[in-house]
Amino acid sequence: MQKKIRTTILIMGLLVFTTFLVGIRPINAEPKKTTALPTTIKIGGVFPITGRPEAGRDRRDAFLMAVYEINNQTGTDRILPAGVNLLPNVQDDLNTPEGAQAAADALVAWEADIVCGTSGSSNSMTMASTFTPHKIPQISYASSSPALTNRTAYPYFMRVAASDAWQGVAVSDLVQAFNWTKGAVIHTSDAYGTGLIEVFTTDFTAAGGTVVTDQIFDANALEVSTQVQALKDAEVEFILGNFIDKDAATCMKEAKNLGVDNLPWITTDGWSTTATFADEDDVKDAMQKSIGTTPAPLTGAGYATFNTSWFSTDWAFLAGPKNSQDTGSAFNSYAPLSYDAVYVAAKGLAAAGSVDGDELLDALYDVTLEGASGSVSFDEYGEVIGRYDYVQLVDETYTTFGEWQDGPTFIDGEITLADCSEWSIASNKITNTKEGPCPAAPGFELLIAVFAVGVLVAIVGRKRK
Amino acid sequence: MAIVPVDVLSHAAIAFVYAGKLILLTIGLNMTYSVLKFSNFSHAEWVTWGMFSSWWLLQILAFLVPWDAEMGFIINNILIQATFAFFMVGILGILSEILVFGRLRDLKASARSFTVASIGIGLVVRNLLSMVFGDYPQPVSSPELPFGLEDILVINITLTNRDPILGTQSIILTSYKILIILISIITVLLIDYIFKHTKFGIAMRATSDSIDLAQVSGINTRQIIFITWFIAAGVTGFGAAFVRATQGRFGTMDGFSMLLPIFAVVILGGVGSFRGGIVSAFIISYAREISAIILTEFQKKPYGLQYVIEDLLGFTISLSPGYMDGVGFVVLILVLLFRPQGIFGSVEAIRARV
């Protein structure tokens, strides 16, 4: 009995001692933030470097360029106080939520003060959920899902890329301009794929249109024939697709195989790009004369400077391998946004004078910038206003036939669609001048003709016998 | 709107092609299942390696040989690529046996150990492929068929076009889809014939029943096992090359994404039954397709059942066509509830199954 009592007291003593020991260094989620700017500010950057190398590397390089420039600013040009520098930490999210989670965990362990990234909306959501308890502000340069505007779920998230809430309305305005009332949509099941479609469907339906069918497939799916065939069965006036380039390639290849490429296809920013059909003639053929939206080209002095300096050999020291600089091709369209995200971060840090998450976030919302992507300013949700161009793919070139900024504006001219319909654009109105569809393969008549010939041959053959 | 609102023939053709893909990719798994008596989860990476090796040959030849009109036929020839994939994946199968499964067999390991080891092999192979080729999808430049078959071997028939009763009924099949159907059926019948009517097949079945007895009977079981691995893996690689040709892009996760449907086909058809594999592939494929049609019609505006229910009852039931992939597994579960050995499987096979 005494032994039992002694053992119990010993165990309880150990527990108390352990609690006391642990209590000296409490483990909690509160970040060790200071109310002054440290000399080294840790800035994380997350990019799909291996998952989407043609996009991720350029966006990474733009991030690193901006960090370098900011650290080397002098005099009145300097944004951050003298002696305060940015320390970058580049993470690869592999373009998957799992990779994004790992990247976020790594940056939290590294005690990042602020993070730029990432590209995919689903991946940004994963990261935002990890950063929120640590109050780490996150500025995305490319995530566009409207779901990310939810400031209850993602209070420390903001972005320099426009939400698809704008693009969904832009697409809806486009199809309404063509007086289409019956359409179908197809998209991936992730946050990016569904976000724009929901906004489009709401706006289009409110305007009297009907989305006859909504087909969905998982990102990276191999087999989409059934979904594409269902689009064909719907007998609609247009098909809106919302996915990124590689899923678009899968879908359009199947569309070509099944003969669905002769309907008007509407593209969105994820696949209104030459990367969709690079080295794939079938996909390029299927996408001919498709129309859609793409982020408005960047203009302004900031963009011109960025464009000029991008290919400078001064950047040879950047971590490689590079994409655009090595191939000589134009940089990825979101590279300037990645660049601006860093400048927004720097201006926010300078204004806040602190790396405290809440103070920094308030300061970030008030930042205005004439950057590489143009004029940047944020609304009460940390969102920028969207601007889009309406484009059409002809051969391998996207030509612009209008733009959208709070409403559509079209350029006068003529346009022919994939269903061989012809349209005239004048005074911001689109008028049908020739109806589709393209001349179709003979139908039932052919079967009857073949059958009749067969019967005739049989009768003649019998008579001869 | 026509009385028949869907292109039934086209959907039937799509389901037929998907069944062909499933058959082609399950033959190897059925072989390993029936002879070696364990679930080989690295089968997914055989599919992936088959795709990559066939593509890899194209890259090598394009690098070494000047690509002109004559040489293009050899460089980008699907039969050459598929044959190369056969040997490359076959070698992978043999390596798996030498490095892992053979040692486990010598240690008299249980079937579960084999299965777990196969999962590990799959992870290793997948990550090696990512390291070597990258994690991002590779574009597919359409390979060529000999004798201009890609232009000849095409079915593009439109029986009715926007007919008020029948709507549009058409069958559109590219050459690769037709080849997948033909090759899958020929291959499964060939393997089935080898199993049942050749000395080698008898030896494989004897080895499957009892390795010790087979050895006593004078059968070189080690050789049989090696050949089984080579053929099972090789056939999978051969098929994977053709599947790659039908896709827009391919990547390191493609095989893994096919793993569940492949296992569903094997289990539903009955372990070790190749003809059962054909039937089950068609069952799963058509169940998937029919459910997609039903779910699409359910949510079709404005007359779809979803909106009728919403008007009548005041609440919405949303069933997306995206659920169609799950329907095949529902069918699998229902069949197994009444016939656990699968459609053509035997009761004894279940006891050996993991």
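The values are calculated or read from the model by the stated rules, or taken from the named source; none is laboratory data. Just so we're clear, the structure is a prediction, and the values are computed from it rather than from any experiment. Using ideal geometry, Cβ is built from the backbone for each residue, glycine included, and neighbour counts are taken over all protein chains shown. Only protein heavy atoms, including side chains, enter the accessible area calculation; ligands, DNA and RNA are left aside. Shrake-Rupley method; radii C 1.70, N 1.55, O 1.52, S 1.80 Å.
Where does the charge balance sit around A:ALA147 when Lys and Arg score +1, Asp and Glu -1, over other residues with C-beta under 11 Å from its C-beta?
Once positives and negatives cancel, what remains is -3.
To the nearest 100 Å², how much accessible surface do chains A and B hide from each other in total, with a 1.4 Å probe?
Between A and B, the summed buried area is about 3600 Å².
If I take every Cα pair under 8 Å that is 6 or more residues apart in segment B:8-258, average their sequence separation and divide by the length, what percent do I get for the relative contact order?
Relative CO of segment B:8-258 lands at 41 percent.
Give the carbon-plus-sulfur fraction of the accessible surface of chain A in %, rounded to a whole number; probe 1.4 Å, heavy atoms of protein chains only.
The value for chain A is 57 percent carbon and sulfur by accessible area.
At a cut-off of 50 Å², which residues of segment A:247-293 become less accessible once all protein chains are present than in their chain alone, using a 1.4 Å probe?
A:LYS253, A:ASN257, A:GLU280
Do any trypsin sites (Lys or Arg not before Pro) in segment B:263-334 lie in a loop, going by DSSP, with at most 16 other beta-carbon atoms within 10 Å of their beta carbon, and if so which?
Sites meeting the loop and neighbour criteria: none at all.
Starting from the Cα-Cα distance between A:CYS420 and A:ASP218, subtract it from 0.36 nm times their residue separation and give me the gain in nm to one decimal.
69.6 nm
Scale the Cα Rg of segment A:109-162 by the rule-of-thumb value 2.2 N^0.38 Å and send over the ratio, two decimals.
0.99
At 4 °C and 1.567 mPa s, what whole-number value in µm²/s does Stokes-Einstein give for the translational diffusion of segment B:205-282, with Rh from the Kirkwood sum over Cα pairs?
Answer from the Stokes-Einstein relation: 87 µm²/s.
For the pair B:ILE317 and A:VAL457, how long in nm is the line joining their label points, each one 7 Å along Cα→Cβ?
Distance between the two pseudo-spin positions: 5.2 nm.
Which FRET efficiency value, to the nearest 0.05, do you get for A:SER129 and B:ILE202 by plugging their Cβ-Cβ distance into 1/(1 + (r/R0)^6) with R0 = 41 Å?
0.10
On alpha-carbon atoms, Rg over Rh for segment A:307-400 using Kirkwood Rh?
For segment A:307-400, the value is 1.07.
Between A:ASP406 and B:ILE309, how high is the FRET efficiency from 1/(1 + (r/R0)^6) when r is the Cβ-Cβ distance and R₀ = 45 Å? Nearest 0.05.
Computed FRET efficiency for A:ASP406 and B:ILE309: 0.75.
Rolling a 1.4 angstrom probe over the protein heavy atoms, how many square angstrom per residue are accessible across chain A?
For chain A, the per-residue accessible area is 43 Å².
Select from segment B:274-308 all residues whose loss of accessible area on going from the chain by itself to the full protein assembly reaches 20 Å² or more (probe 1.4 Å).
For segment B:274-308, once contacts with the other chains are taken into account, B:ARG288, B:THR296, B:GLN299, B:LYS300, B:LYS301 lose 20 Å² or more.
First obtain the Kirkwood hydrodynamic radius of segment B:8-258 from its Cα pairs, then insert it into the Stokes-Einstein equation at 4 °C and 1.567 mPa s, and state the resulting D in µm² per second as a whole number.
66 µm²/s
Do any residues of segment B:152-175 lose at least 40 Å² of accessible area when the full set of protein chains is present rather than just their chain alone, and if so which, with a 1.4 Å probe?
The answer is B:THR158, B:LEU159, B:ASN161, B:ARG162, B:ILE172.
Keeping every protein chain in place, order B:PHE87, B:PHE52, B:PHE63 by accessible area at 1.4 Å, biggest value first, i.e. largest first.
Sorted by accessible area, descending: B:PHE63, B:PHE87, B:PHE52.
Report, to the nearest whole %, how much of the accessible area of segment B:1-137 belongs to carbon and sulfur atoms, 1.4 Å probe, protein only.
Roughly 73 percent of what the probe reaches on segment B:1-137 is carbon or sulfur.
Put one equal scatterer on each alpha carbon of segment A:81-187, apply the Debye formula with no solvent term, and list log10 I(q)/I(0) at q = 0.12 1/Å to two decimals.
-0.49
Please work out the C-alpha center-to-center distance from segment A:232-264 to segment A:349-385 and express it in whole Å.
Between the Cα centre of segment A:232-264 and that of segment A:349-385, the gap is 39 Å.
If you average 1/r over all unlike Cα pairs in segment A:237-317 and invert the result, what Kirkwood radius do you get in angstrom?
Mean inverse Cα-Cα distance, inverted, gives 14.3 Å.
Any idea how far apart B:ARG103 and A:ARG78 come out in nm if each label point goes 7 Å out from Cα toward Cβ?
6.0 nm
Could you state how much accessible area A:TYR365 has, in square angstrom rounded to the nearest 10, with a 1.4 Å probe and all protein chains kept in place?
Roughly 50 Å² of A:TYR365 is accessible to a 1.4 Å probe.
When N is the residue count of chain A, what does its C-alpha Rg come to as a fraction of 2.2 N^0.38 Å?
1.23
Mind checking the per residue accessible area of segment B:8-258 for me, 1.4 Å probe, whole number of Å²?
In whole numbers, segment B:8-258 has 42 Å² accessible per residue.
Out of every Cα-Cα pair in the protein assembly as shown, what percent are more than 47 Å apart?
32 percent
Taking all protein chains together and a probe of 1.4 Å, list B:GLU297, A:GLU383, A:GLU111 from the most accessible to the least accessible.
Most to least solvent-accessible, the answer reads A:GLU111, B:GLU297, A:GLU383.
Using 0.36 nm times the number of residues separating A:ARG6 and A:TYR68, minus their current alpha carbon distance, what extension gain do you get?
Working it through step by step, the gained length comes to 15.9 nm.
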